[in-house]
Amino acid sequence: MSRFEDLVAEGESVPIEGWDFSWFAGRAMEERPSWGYAKLLAGRMAKAGAALDIQTGGGEVLASVPAAPPVLVATESWQPNMEIARRNLAKFDATVVEVDDEADLPFPSDHFDLVVSRHPVITRWDEVRRVLRPNGTYLSQQVGSGSVRELTEFMMGEQEAQEASVHPSLGPLATTAGATPLEATFSAEAAGLEVVDVRQEALRMEFYDIAAVVHFLRKVIWIVPGFTVEAYRDRLAQLHDFMERHGPFVAYSQRFLIEARKS
């Protein structure tokens, strides 16, 4: 097999369950936002009495906090992640509940004093407000509009990439990954939350080989919707040739932090 075929096969073989990116060490890099979401999360969790993590993935980020509140609940929509999340969060005696990303949250109103979410696919601002207690806080790091656009446009072409980025309308009380901080703020305020902090950064990414690109596109499914190696083999071959001759492929992820409070 050629080096290209070997690398593609390697990228296809890596499991995509959970939200652990340690496999990318030495294969790709991404700058981290200056605000340090994990540190902020740890500080909020240490002061909370009851907390909810929405779309926890495999619970990897939540599991990194030094101390958890007495009541800790996490939701996840993808079945393969459920057992991973339960295993990672068992040390906190946390409850992990399977909930579709667009669904109402299966919890009573005014139930949590802290709700968090890192890179949610969808944010139901109305449901966030409903389950928060008065003076409760929502803290979220989100994927911003145009994230990794360079890779999306190379793989799909500019026109197809623009069409793929259009999400069905969820109404003014919900936003999807790829929203802008302005859209998220308006939606939060429309739901009755007070936005107290918004920050935004563009972060450099580098992919060092085509295996990293293949694994990334299989794992982060909104970058190239419906990605398969066979459907994009020609573009992958072209990108592989570029990286072999000229070095890393560079793209930029867009991230924003938003914090809102229920009065």
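The values are calculated or read from the model by the stated rules, or taken from the named source; none is laboratory data. Quick caveat, the model's predicted, so the values are computed rather than measured. Cβ sites come from the backbone with ideal geometry, for glycine too, and all protein chains shown count toward neighbours. All accessible areas refer to the heavy atoms of the entire protein, side chains included, with ligands and DNA or RNA removed. Shrake-Rupley method; radii C 1.70, N 1.55, O 1.52, S 1.80 Å.
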**Fill in**
Inter-part gap, Cα centre of region 47-116 to Cα centre of region 174-241, in whole angstrom, is 23 Å
**Prompt:** Along the charge dipole of the chain, which of T152, A50, A179 sits closest to the positive end, that is, farthest toward it, with unit charges on the beta carbon of Lys, Arg, Asp and Glu (+1, +1, -1, -1)?
**Reply:** A50
**Asked** Any idea of the accessible area per residue across region 1-143, 1.4 Å probe, to the nearest Å²?
**Response** 46 Å²
**Message:** Kirkwood Rh and Cα-based Rg: tell me the resulting Rg over Rh for region 1-111, rounded to two decimals.
**Reply:** 1.06
**Asked** About its Cα centre, how strong a charge dipole does the chain have in debye, to the nearest 20, once Lys and Arg get +1 and Asp and Glu get -1 at the Cβ?
**Response** 960 debye
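If eta is 0.692 mPa s and T is 37 °C, what Stokes-Einstein diffusion coefficient results for the chain, Kirkwood Rh from Cα pairs, in µm²/s?
On the way: Rh = 19.3 Å.
Answer from the Stokes-Einstein relation: 170 µm²/s.
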**Message:** Students often check this: by mean Cβ neighbours within 10 Å, which of 213-219, 183-189 ranks highest, and how do the rest follow?
**Reply:** 213-219, 183-189
**Prompt:** Under a Cβ-Cβ cut-off of 12 Å, what is the net charge of the residues other than E83 that fall near it, where Lys and Arg count +1 and Asp and Glu count -1?
**Reply:** -1
**Request:** Would you tally the net charge around V115, using a Cβ to Cβ cut-off of less than 13 Å, leaving V115 out, and scoring K and R as +1, D and E as -1?
**Result:** +2
**Asked** Mind checking which helices in the chain clear 24 Å along their axis (Cα) and have mean Kyte-Doolittle hydropathy of -1.0 or more, DSSP H runs only?
**Response** none
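Find out how many positive minus negative residues lie around F24, taking Lys and Arg as positive, Asp and Glu as negative, among other residues whose Cβ is under 11 Å from that of F24. All intermediate terms of the calculation are to be shown ahead of the outcome.
Working: positive: R27, K219; negative: D20, E30, E206, D209.
Charge balance near F24 sits at -2.
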**Request:** Take R3, project a point 7 Å from its Cα along the Cβ direction, then tell me which residues of region 210-238 have their backbone nitrogen under 13 Å from it.
**Result:** 210-211
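If you count only protein heavy atoms with a 1.4 Å probe, what accessible area per residue comes out for region 188-263, rounded to a whole Å²?
Counting only protein heavy atoms, the per-residue value for region 188-263 is 43 Å².
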**Request:** Keeping the other protein chains in place, figure out the carbon and sulfur percent of the accessible area of the chain, with a 1.4 Å probe.
**Result:** 51 percent
**Complete:** Among P69, P15, I84, the residue whose Cα sits farthest towards the positive end of the charge dipole of the chain, when +1 is placed on the Cβ of each Lys and Arg and -1 on the Cβ of each Asp and Glu, is P69
**Item:** For region 120-263, average projected area of the Cα convex hull in nm²
**Value:** 8.9 nm²
